Amino acid sequence: MDTNDAKSYFSVRLLEWYDVHKRDLPWRRSRNPYYIWISEVMLQQTRVETVIPYYHRFLERFPTVEALADAPEEQVLKAWEGLGYYSRARNLQAAVREVKESYGGRVPDSKEEISSLKGVGPYTAGAVLSIAYNKPEPAVDGNVMRVLSRYFLLRDDIAKPSTRIGIEKLARELIPEGKAGDFNQALMELGATVCTPKSPHCLTCPVMELCAGRLEGIADELPVKTKAKPPRPERRAVAFIEGAGEEAGRILARQRPKEGLLASMWELPHVLLPETMPEPEAAGADAAAMRFLREKLAAEYGLNVEPTEPMMDAEHTFSHIHWRLRVYRCRFLGLAEGPAVHDGGVANNTADDDGLRDGDVFLWFGEKELGQYALPNVFLKILKQAGVR
DNA sequence: AAGACGGGGGA
DNA sequence: TCCCCAGTCTT
């Protein structure tokens, strides 16, 4: 049995298996390149079950390239709320605008052109080209690297870019004539449902007989992958500022800067506590944190508040940061001129000389604003727990 | 090559 | 808890 036999066996058996076992997923009901593209971007680092409801809502709201290109970015971000990696949404809209302007609204079908679009890397390019246009391009994601590492007993570290390149070359050779779309999806489907990261279901695998990893008894030790660094811890004090009078029942929110973490999203104002601050359990910790919160908000944003009492705790883990949040109830005293708080309107700070950083915009949040502007999940949860709606 | 960039689900 | 998920971009 030589390598070529193992390769053709793999491709043939995998396609037969896929024909019987493929899941009925929404984006498999169409070959519309725009639909396929949306699904592939949403699926980056995100599970199928999570994506499905977003996929339906997003396409209902933005059914065509034109509709997405013409939408306000704010609405796109809102449709992405809770899905994470928000640069995906921003890049997707920039790319769709490019498709509208430069390609007459038709998603390009060449590797060079589609790869030039924002947010379209090697995986997404291959996925759209193969699934929507049946072009013989590999689409190598985490599933594919795992499946092929096991079947061909590859011990290279899949965290290295060079390893992905090598697996792409291999995956390209495996594509059966005229079957690129089905084959690539079959490979990912096998990884998602049978050749799983932990305790793979080898006994139901269509290619188990020639799987080198299983035959060596080390399938569950593959692929080799260097483990990520743990997220750095941060403690933050959050201001829960309830409006009075005209703004009764509404909460003061801030829009984050247009770049970086959670770009352009809305949140409750908060500050990073110095590591020298006492732990939350220590005596006097809350008093110290409340003083720091008051001083920092005033200095950073011209936002004057009087923290009164701790309200709740929350935690949130990003891939690279771990937040421990303590929310303090605050009395609103006022906001210095510059980005004013308008009734119902987003403050404008286009002027650069207002002494405030880009993105320092405040707004009283009520039901209407919650339905209009995007917040990260951690702040949505805090507002929900506080009974704001 | 390494870090930034969300959030959730399964073992 | 840890790991990983239909990754891409920046430095």
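Summary table below
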read-out	value
Number of positions in the stretch A:276-289 that are farther than 16 Å from A:E309 by Cα and either in contact (Cβ under 8 Å) with a residue 40 or more places away in the chain or surrounded by 17 or more Cβ atoms within 10 Å (Cβ to Cβ) (or both)	1
The stretch A:121-151, residues that are of a type in the set (K, R) and within 12 Å of A:S110 (Cα to Cα)	A:K135
Residue, nearest to A:K22 (Cα to Cα), within the stretch A:158-181, restricted to residues that are more than 26 Å from the chain's Cα centre (by Cα) and open to solvent by 50 Å² or more (accessible area, probe 1.4 Å)	A:K179
All helices (runs of 4 or more DSSP H) inside the stretch A:29-118 with 2 or more residues being among the basic types (K, R)	A:48-61, A:87-102
Test set (1) more than 15 Å from A:V120 (Cα to Cα); (2) within 19 Å of the chain's Cα centre (by Cα); (3) open to solvent by 10 Å² or more (accessible area, probe 1.4 Å) - A:Q45 fails condition number	(1)
Matching residues, the stretch A:80-100, being basic (K, R) and open to solvent by 50 Å² or more (accessible area, probe 1.4 Å)	A:R90, A:R97, A:K100
Qualifying residues in the stretch A:53-79 (those that are surrounded by 15 or more Cβ atoms within 10 Å (Cβ to Cβ) and within 11 Å of DNA strand B (Cβ to nearest atom)) - the one nearest to A:D141 (Cα to Cα)	A:Y54
Residues of the stretch A:259-272 satisfying the condition of being over 16 Å from the mean Cα position of the chain (by Cα) and closer than 21 Å to A:L370 by Cβ	A:W266, A:E267, A:L268, A:P269, A:H270
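The values are calculated or read from the model by the stated rules, or taken from the named source; none is laboratory data. This one's a predicted model, so the numbers in the text were calculated from it and none came from an experiment. Note that each Cβ is placed from the backbone with ideal geometry, even for glycine, and that neighbours are counted across all protein chains shown. Heads up: the accessible areas ignore ligands, DNA and RNA and are worked out on the full protein's heavy atoms, side chains in. Shrake-Rupley method; radii C 1.70, N 1.55, O 1.52, S 1.80 Å.
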